[in-house]
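The values are calculated or read from the model by the stated rules, or taken from the named source; none is laboratory data. It should be emphasised that the depicted structure is a prediction, and the values quoted were computed from it without experimental measurement. With ideal geometry, Cβ positions are generated from the backbone for all residues, glycine too; neighbour counts draw on all protein chains shown. The accessibility values were calculated without ligands, DNA or RNA, using every heavy atom of the protein model including side chains. Shrake-Rupley method; radii C 1.70, N 1.55, O 1.52, S 1.80 Å.
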Amino acid sequence: MSLFKARDWWSTILGEKEEFDQGCLCVADVDNSGSGQDKVIVGSYKGYLRIFNPHPVKPGDEVQPEDLLLEVLLREPILQVEVGKFVSGTEGLHLAVLHCRKLCVYAVSGTQGNVEHGNQYQIKLMYEHNLQRTACNMTYGPFGGVKGRDFICIQSMDGMLMLFEQESYAFGRFLPGFLLPGPLAYSSRTDSFITVSSCQQVESYKYQVLAFATDADERQDTEQQKLSSGKRLAVDWVLNIGEQALDICIVSFNQGVSSVFVLGERNFFCLKDNGQIRFMKKLDYSPSCFVPYCSVREGTINTLIANHSKMLNVYQDVTLKWATQLPCIPVSVKVANFQDLKGVIVTLSDDGHLQCSYLGTDPSLFQAPKVDSREINYEEMNAEMKELQKIIREATKTQDILPESEKQRDVTVTAEVSPDLDEESQAIDSEVKAGAVPSVTVKITIQSRVTAQKPSLAVCVQAPLAVTCDQFVFDDLEPDSSETVVLSVFLKESCSPPELEGTCMVSYNIPTGIPRVSQCNFSLPLKLVCIPAQPSKAAGHKLTIDTNKPPISFVTIFPDFVDPSEGDQANALGFQFLTGSKTTLLASKTSQRYRIQSDQLEDLWLVTKELIHRLEEHFKKQNCKDFACTFSGSIPLQEYFELIDRHFELRLNAEKYQELLSERAVQFRAIERRLLTRFKDKTPAPLQHLDTLLEGTFREV
């Protein structure tokens, strides 16, 4: 922890219960005053847009009414604000505001005031673009090397880059292999877009490659298809960083040299513009945001990195130069110039604490108060020491130091799975096509030996299994009290689960404020996902398990799947999964082997695991400690890889289907516009049937 605190130059709290994130803060001379003095632009998820011009009379003063230049409610959540040359015909700065489904560009201007209330500021909408996809973030720059203009690129939640050349929409492209959106930045030196994918790798795409790749929005005409046939979106370079990224920033403080900075979850990377690593720094804390701000020595770059411990660290490349305390955890940090004060640090927290600060050198130290000097009474000290030693000895005799596992038993959680399926199934919204999807009841009990504050219970099962309720919140638990909840587990999706186990986790605080967690696991019955069936003699996939003990009758180890009337003669057992597939279990009469067979490779696992588990439990009850199961056959890697290939083919088909739906939607909108144009000047009769006509056209599309 640093001895120094960030010196508060100006600060304010924005609104009430508003939320902010990384893209909600921007600093720039947005009103084109020409003074070189930055304004602070803040947007919130509640839709409030605020512009500040901080100028305290003295450092630490409260915000003055005239510091707030503009406050307007845009009625839609603001995801990001940026300032650039976004309007054609002028090189003046304009404000771009990104909403979930809309991009708006405003001009900010001020009118000279004639009274003491000061100047009047207003915003004017220059143009807006309605987005067909939900936006995530945006970046801007002189795409394609244009002069005196900035274009905007928006990344959607489903991986599409939508490029706007000021008032016009240019084109859209889907990022290959997309899963979740990551940070996005533009490098003007290489004319490239740089992002971090869900594969935990930094990827760079050239603007020219994006421009000439296959259009993602609408099907091109025949001539254009011929010209661009086979041109797929190809990455320029890739670097695997092995972790998710929080932010990307591209700076160029030296002419001809630019650096790509990537803030990861545990590391800080600086890359050359060709993807090679210049340097990286392993962080011993969890970062929240960063900004590279200047180069004070040739060949080095200074960077501010804030973390979740309310610290702001100043690095020169990888060397820590300064550390200071902040009053809150920032989600965004910028460096701005105000009045005659340059290099002011602007931070914004997720709950709206906006602060302008600078790095001071006055240490914030605790000074112990002076006490009156007195003579030492050694007899009293010796008596007190003996008394304390006696207390320590007594405590040592009667109570040992608890190990970590015992500390967690202040609150215990247990789960009891009903031995029988529910008489009336509790399955809800199940996609399984079986006639009746069974469910099983799980009773969870929480017992507390101490006061447990804000206890909450989370119940997790592996998909495709699901629970009727997975989150519970309780009032504070008193010592020696308990809470009990009952829920049901069922098969929700039409596929076999990888395991029949669940986890209960209780999180709570002890009276000292320290958070604790207690958990337990529970096992679900096999009959939750399958029912007894006639065994099959033939199957496409077989697995043989060798043991060192004679085979056990299925009546003994699978009493819930075998009719007791069959006696010890039952050496074949069939399992009919709710998803429709069947698995057969065979016990050899002459050797110590069991065979599991099925037409689907993935269905072998559950029965195999259940067989081994029940055999181990059986021999454990017999006090047999040397029982072992072995597999001497060849591992079915070829079938396993074919199964993976089929899985990815299904996923690729789903992506192509999504692209086809997007194309059809574009066609439908075009038909709708033509129909509206056709009938707008007609008599009322055609207009009465317009809805029916549009509905029929939609079905045709």
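Before moving on, here are some points about what is shown:
- In Å², nearest 10: area of Thr396 left accessible to a 1.4 Å probe: 90
- Cα centroid separation, the range 271-345 to the range 1-45 (Å): 16
- Of the solvent-accessible surface of the range 78-146, computed with a 1.4 Å probe and all protein chains present, 44% belongs to carbon and sulfur.
- Cβ-defined net charge surrounding Gly352, 12 Å radius [Lys, Arg +1; Asp, Glu -1]: -3
- Ser482 - accessible surface, heavy atoms, 1.4 Å probe, Å² rounded to 10: 70
- Of the Cα atoms belonging to the range 411-525, the radius of gyration and Dmax stand at 15.5, 53 Å.
- Low-density loop positions, trypsin sites (Lys or Arg not before Pro), the range 267-341 - DSSP coil, at most 12 other Cβ in 10 Å: Arg297
- Kirkwood hydrodynamic radius of the range 238-370, from inverse mean 1/r over distinct Cα pairs, in Å: 15.9
- A cut-off of 5 Å between modelled amide H atoms, ignoring neighbours fewer than 5 places along the same chain, links Trp322 with Val314.
- Net charge in the neighbourhood of Asp273 (other residues with Cβ under 13 Å of its Cβ; Lys, Arg +1, Asp, Glu -1) is +2.
- Atom-type composition of the exposed protein surface of the range 431-589 places 49 percent of the accessible area on carbon and sulfur (1.4 angstrom probe).
- Charge context of Gly242, other residues only, Cβ under 15 angstrom, K/R +1, D/E -1: 0
- Coil-residue GluC sites (Glu not before Pro) of the range 433-517, DSSP, other Cβ within 10 Å capped at 14: Glu493, Glu499
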